[in-house]
Amino acid sequence: MFHFIFGSSLIAATVAIQAAFMSAGLKVFRRLEETRPEFLSKRPTTITVIWIIYLMIPIMIDVCLWALFYALIDALPSFEDAIYFSTVTFTTVGYGDIVLAKEWRQVAPFEAVNGWIIFGWATALMMAIIQRLYFRSGT
């Protein structure tokens, strides 16, 4: 139950981070649609690249949050190992060359599911912006 609480809490935190970034980014995009639609229609590739890079920021924060958790509980020998392990787990690559301390291994699947959720969400947001940029009615 202890692992479930930690894993669920970190998932909730990363979802909140992603939601905050999504909300802020979409607010800026909507403002550009209202005030400078010609800018969006003339530079869809640039806007797409900026949007994708922007959506990587909360993902990097999420990975660091998980790594910080691993470092604080001494589940891995160093913060560098924690960042590497967190990146590999969050992206669901799962090399397996570094593993958590035995008593914390049940937390890793929570991070993998978290990454799956966040990457799916980010992909949906990317596609929503691409559709708005490239498939506007009248352009």
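Here are the numbers for this structure:
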read-out: Mean separation of Cα contacts under 8 Å (6+ apart) over length of the chain, as relative contact order %; value: 31
read-out: Carbon + sulfur, % of accessible area of the chain - ligands and nucleic acids excluded, 1.4 Å; value: 68
read-out: Rounded to the nearest 10 Å², the accessible area of residue 41 at probe 1.4 Å; value: 60
read-out: For region 113-129, 3J(HN,Hα) per residue [Karplus equation, 6.51 cos²θ - 1.76 cosθ + 1.60, θ = phi - 60°, Hz, x = Gly/Pro]; value: 5, 4, x, 4, 5, 5, 5, x, 5, 4, 5, 4, 5, 4, 5, 4, 5
read-out: Per-pair calculated FRET efficiency, R0 = 25 Å: residue 13 and residue 53 via Cβ, rounded to 0.05; value: 0.65
read-out: For region 44-104: accessible area per residue (Å², 1.4 Å); value: 53
read-out: 0 to 90° range, to nearest 10: angle between helix 2-35 axis and the chain longest Cα axis; value: 10
read-out: Pairwise FRET efficiency - residue 43 versus residue 128, Cβ, R0 = 25 Å, nearest 0.05; value: 0.90
read-out: Answer label, with Rg and Dmax of the Cα atoms in Å calculated from the coordinates and candidates (i) 14.6, 50; (ii) 18.0, 59; (iii) 14.3, 42; value: (ii)
read-out: Residue list for region 83-99, given a label point 7 angstrom along the Cα-to-Cβ vector of residue 60 and an amide N cut-off under 18 Å; value: 83-91
read-out: Neighbour cut-off at most 14 other Cβ (10 Å), DSSP loop, chymotrypsin sites (Phe, Trp or Tyr not before Pro), region 63-120; value: 95
read-out: Cα centroid separation, region 75-89 to region 45-70 (Å); value: 17
read-out: Rounded to whole Hz, the Karplus (6.51, -1.76, 1.60) HN-Hα couplings of region 57-65, x for glycine and proline; value: 4, x, 5, 5, 5, 4, 4, 5, 4
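The values are calculated or read from the model by the stated rules, or taken from the named source; none is laboratory data. Please read all numbers here as calculations on a predicted model, not as lab measurements. Glycine gets a Cβ as well: all are built from the backbone with ideal geometry, and neighbour counts include every protein chain shown. Surface areas here come from the heavy atoms of the whole protein model, side chains and all, with no ligands, DNA or RNA. Shrake-Rupley method; radii C 1.70, N 1.55, O 1.52, S 1.80 Å.
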